[in-house]
1. Using R₀ = 45 Å, calculate the FRET efficiency as 1/(1 + (r/R₀)^6) where r is the Cβ-Cβ separation of residue 197 and residue 45; round to 0.05.
2. Please report the base-10 log of the normalised intensity I(q)/I(0) for region 1-64, using a Debye sum with one equal scatterer per alpha carbon and no solvent, at each q in 0.14, 0.15 (1/Å).
3. As a test of the definition: which semi-axes, in Å, follow for the chain when you take the square root of five times each eigenvalue of its alpha carbon gyration tensor? Largest first, please.
4. Please report, to two decimal places, log10 I(q)/I(0) for region 1-120 at q = 0.21 Å⁻¹ as given by the Debye formula with identical point scatterers on the Cα atoms and no solvent.
5. In region 103-163, what is the volume of the convex hull around the alpha carbon atoms, normalised per residue and reported in Å³?
6. Can you compute the modelled spin-label distance between residue 146 and residue 3, with each label point 7 Å from Cα toward Cβ, in nm?
7. What full-extension length gain, to one decimal in nm, is calculated for residue 162 and residue 92 as 0.36 nm per residue of separation minus the Cα-Cα distance?
8. Calculate the spin-label point distance for residue 130 paired with residue 14, positioning each point 7 Å from the Cα along the beta-carbon direction, and give it in nanometres.
Amino acid sequence: GNMPPSGWTAVTTSSGMGTTVVNDPTAAHAGTRGLLATDASSTEISAQRAAIEVSIPAGRFEWKADAWVDPMTLILGTSQSVYPLHFLHGSSYVAAARVYNNAGTLFAGIAYKKKYGLPFGGVNSTAVVDQNVWKKWTFSLLRIGTRETTGVLYLDGIEQVRASWDPGSKKEPSAFRAGIGLSSTGATATLAVDDVQVAE
């Protein structure tokens, strides 16, 4: 019944209007309540967030995060995205499971940060993300702390896509977010998220 849950922090953006995370019965998957993450702002000049965050320890070779996710509303422009599961190094992102608008179709995929000085990267699966449909999202990070980190995205236990990249000095995540870990500038979204877990 707590928001945020014990040990977690609620993370919202003050630069936009309407970024909230609440404990709400409409966001429940199997129980009575869940996390309702909302980004209702559309006039801001930077990316938004509406999530819960937990610190995770360094020195791990792998991390796996999963949650039931229902994209209740997604209004994303072309090439815009929202991150339901998001690993970070400090305030900089390491990698995330994402919903991405590719020419009007919403696909599940992976976003990642390459080594310093190089651009962000991303890859889409062929899985179309339907609104108001629950799916179990699982995002695994493998070979953390090496020159080739690998991310793997599963939906309902079936692998959809994987990507490998050189993370440079930003090799190890130090925090994890669930909800709207990040949404593109001008995008709006409401996600119901339940049964969040992050484990080595």
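Throughout, read-outs are computed from the coordinates displayed, never taken from laboratory work. Just so it is clear, the model here is predicted, and its values are computed rather than measured. Positions of Cβ are generated from backbone atoms using ideal geometry, with glycine treated the same way; all protein chains shown enter the neighbour counts.
1. Working: r = 34 Å, r/R0 = 0.76.
About 0.85, to the nearest 0.05.
2. Once normalised to I(0) and log-transformed, intensities are -0.53, -0.60.
3. Numbers: eigenvalues 108, 70, 58 Å².
After scaling each eigenvalue by five and taking roots: 23, 19, 17 Å.
4. -1.54
5. On the way: hull volume 5.7 nm³, N = 61.
Output value, Cα hull per residue: 93 Å³.
6. Taking the simple label geometry, residue 146 and residue 3 are separated by 4.1 nm.
7. Working: separation 70, 0.36 × 70 = 25.20 nm, distance 2.11 nm.
Value of the extension gain: 23.1 nm.
8. Result for the modelled spin labels: 4.2 nm.
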